[in-house]
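A quick write-up on the structure given underneath.
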Amino acid sequence: MPQLIQYLDKIAREKQRDVLCLSFFNSSMSLDDMLMDFEQYKPFVDMTAWLDANGIQWQPCALPSGIASSGRIYVDVPFDENDPVYQKLAGHLENPDGSMKIEGVTFYYMSLEDAMKYAYQDEPGYWD
């Protein structure tokens, strides 16, 4: 069933804060692999199950460029290294050296400052 996917920058502007995103790709994937149904991709299935089990809200998202909207999710946890939920999430995803623990998953954030560069898209009529 089709669904409306929010852009990560729009989510940041609505939340008025930096936002977190997970991307589900790896370097060995072909373009066809990147266009697959990510609901069947094991790292996606495992990660979203972990988020759900830990009461962490998430939703599919796209990047401002609109490229490859499948395979990315917004994670509704503030980017705050002192926040216990952020610490739990980061601890699940990253090794102490910052490398990823889970192959095929990338963890990153978009700053509100970067998101504001796309605020012109919020103007009435922009998407018409």
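The values are calculated or read from the model by the stated rules, or taken from the named source; none is laboratory data. Every value quoted in this text rests on a predicted model; they were computed, and no experiment measured them. Glycine gets a Cβ as well: all are built from the backbone with ideal geometry, and neighbour counts include every protein chain shown.
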Q: Tell me which residues, restricted to region 101-128, are more than 23 Å from Pro64 (Cβ to Cβ) and at pLDDT 90 or above.
A: Lys101, Ile102
Q: Restrict the check to region 57-68 and report whether at least one residue is out of contact with any Phe, Trp or Tyr (no Cβ under 7 Å at 6 or more places or on another chain), farther than 13 Å from Leu8 by Cα and of a type in the set (Val, Ile, Thr).
A: no
Q. Of the residues Asp83, Asp76, Asp18, which is modelled with pLDDT of 95 or more, closer than 25 Å to Asp114 by Cα and in contact with a Ser or Thr (Cβ under 8 Å, 6 or more places away or on another chain)?
A. Asp18
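In this structure, does Gly55 turn out to be loosely packed, with under 11 Cβ neighbours inside 10 Å and at pLDDT 95 or above? Reasoning before the result, please.
On the way: loosely packed, with under 11 Cβ neighbours inside 10 Å: yes; at pLDDT 95 or above: yes.
So Gly55 passes the test.
Search region 77-128 for residues being part of a strand (DSSP E or B) and out of contact with any Leu (no Cβ under 6 Å at 6 or more places or on another chain), and hand back the single one that is nearest to Tyr7 (Cα to Cα).
Going through region 77-128, the residues part of a strand (DSSP E or B) turn out to be 94, 100, 106-110.
Subsequent filtering for residues that are out of contact with any Leu (no Cβ under 6 Å at 6 or more places or on another chain) retains 94, 100, 106, 108.
Working: Glu94: 25, Met100: 24, Thr106: 17, Tyr108: 15 Å.
Looking at residues that are part of a strand (DSSP E or B) and out of contact with any Leu (no Cβ under 6 Å at 6 or more places or on another chain), I get Tyr108.
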